[in-house]
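The values are calculated or read from the model by the stated rules, or taken from the named source; none is laboratory data. Since this is a predicted model, take the numbers as computed values, not measurements. Ideal geometry is used to build each Cβ from the backbone, glycine not excepted, and the neighbour counts take in all protein chains shown.
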Ligand code: MN3
């Protein structure tokens, strides 16, 4: 199905000073929008026009000749997911089932944060850091470029985009500071908890 660029789930100024409206105007208004345009052009008048975005992503992942379709489709999904991982006055610590599962599977919130920061900062080049559910257990992972947990048998719970376009206007080359700031100030643990609850 043709995809529409989703509206941001917050006012573009609402994440300042941690993520500027300027960053969002490029990241959402140009980068995410370009993936949507590219994808819609690629599926136009093909059998994929009748399929869900998720189905197209999963099928394209298995076919190297569909790399362009996979990259644009997965980047649409990853970005739509990422915006929901952010909220004004976010951060802090998860509560409830997500908190106890982080304790049980990852050795506690502080250890999770360290592991997540390491994944985010050691992803060489462009990509994503993730908290996922795999075989019933939480796991911290990283993916390159457009790669996405759904094609690895994992359910995404939370992510941070570590492509340079996500942070360069606000943090220049300081990716570790960007990731730390998202976790501390913007992380929407309610969204991650909801993803866990329905997984
Ligand atoms: Mn991005």
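Is there a residue being more than 27 Å from residue 60 (Cβ to Cβ), in contact with a helix residue (DSSP H, G or I) (Cβ under 6 Å, 6 or more places away or on another chain), loosely packed, with under 15 Cβ neighbours inside 10 Å and in contact (Cβ under 8 Å) with a residue 12 or more places away in the chain anywhere in the range 153-175?
no
Check whether at least one residue in the range 20-31 is surrounded by fewer than 18 Cβ atoms within 10 Å (Cβ to Cβ), in a loop (DSSP other than H, G, I, E, B), touching a helix residue (DSSP H, G or I) at 6+ places or on another chain (Cβ under 7 Å) and modelled with pLDDT of 95 or more, and report yes or no.
Just the residues of the range 20-31 that are surrounded by fewer than 18 Cβ atoms within 10 Å (Cβ to Cβ), to begin with: 20-22, 25-26, 29-31.
Next, from what is left, pick out any that are in a loop (DSSP other than H, G, I, E, B): 20.
Next, only the ones that are touching a helix residue (DSSP H, G or I) at 6+ places or on another chain (Cβ under 7 Å) stay: 20.
Now narrow it down to the ones that are modelled with pLDDT of 95 or more: 20.
Among the residues of the range 20-31, at least one is surrounded by fewer than 18 Cβ atoms within 10 Å (Cβ to Cβ), in a loop (DSSP other than H, G, I, E, B), touching a helix residue (DSSP H, G or I) at 6+ places or on another chain (Cβ under 7 Å) and modelled with pLDDT of 95 or more, which makes the answer yes.
Tell me the residue from 180, 194 that is in a helix (DSSP H, G or I), more than 16 Å from the ligand (Cβ to nearest atom), within 11 Å of residue 18 (Cβ to Cβ) and in the same structural domain as residue 113 (by TED's automatic domain parsing), please.
Of the residues listed, the single one that is in a helix (DSSP H, G or I), more than 16 Å from the ligand (Cβ to nearest atom), within 11 Å of residue 18 (Cβ to Cβ) and in the same structural domain as residue 113 (by TED's automatic domain parsing) is 180.
Only one of (1) under 30 Å from residue 180 (Cβ atoms); (2) without any contact (Cβ under 8 Å) to a residue 40 or more places away in the chain; (3) within 16 Å of the ligand (Cβ to nearest atom) fails for residue 38. Which number is that?
All conditions are met except number (1).
From the list 77, 128, pick out the single residue that is out of contact with any strand residue (DSSP E or B) (no Cβ under 6 Å at 6 or more places or on another chain), in contact (Cβ under 8 Å) with a residue 24 or more places away in the chain and within 16 Å of the ligand (Cβ to nearest atom).
Working: 128 fails: out of contact with any strand residue (DSSP E or B) (no Cβ under 6 Å at 6 or more places or on another chain).
Of the residues listed, the single one that is out of contact with any strand residue (DSSP E or B) (no Cβ under 6 Å at 6 or more places or on another chain), in contact (Cβ under 8 Å) with a residue 24 or more places away in the chain and within 16 Å of the ligand (Cβ to nearest atom) is 77.
Can you tell me which condition residue 165 does not meet? The list is (1) under 25 Å from residue 21 (Cβ atoms); (2) under 15 Å from the mean Cα position of the chain (by Cα); (3) more than 16 Å from the ligand (Cβ to nearest atom), and all the others hold.
(3)
How many residues does the range 99-112 hold that are in contact with a helix residue (DSSP H, G or I) (Cβ under 6 Å, 6 or more places away or on another chain) and under 25 Å from residue 147 (Cα atoms)?
Going through the range 99-112, the residues in contact with a helix residue (DSSP H, G or I) (Cβ under 6 Å, 6 or more places away or on another chain) turn out to be 102, 106, 109, 112.
With under 25 Å from residue 147 (Cα atoms) added as a condition, the list becomes 102, 106, 112.
Here the count works out to 3.
Condition check ((1) assigned to a loop (DSSP other than H, G, I, E, B); (2) at pLDDT 95 or above; (3) surrounded by 15 or more Cβ atoms within 10 Å (Cβ to Cβ)) across all residues:
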residue	(1), (2), (3)
83	no, yes, yes
94	yes, yes, yes
97	no, yes, no
114	no, yes, no
118	no, yes, yes
121	no, yes, yes
128	no, yes, yes
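Those residues that are out of contact with any strand residue (DSSP E or B) (no Cβ under 9 Å at 6 or more places or on another chain) and not in a loop (DSSP other than H, G, I, E, B), I need them from the range 136-174; list them, please. Break it down into steps so the answer makes sense when it comes.
We begin by selecting, within the range 136-174, every residue out of contact with any strand residue (DSSP E or B) (no Cβ under 9 Å at 6 or more places or on another chain); these are 136-137, 151, 164-165, 168-174.
Matches in the range 136-174: 137, 151, 164, 165, 168, 169, 170, 171.
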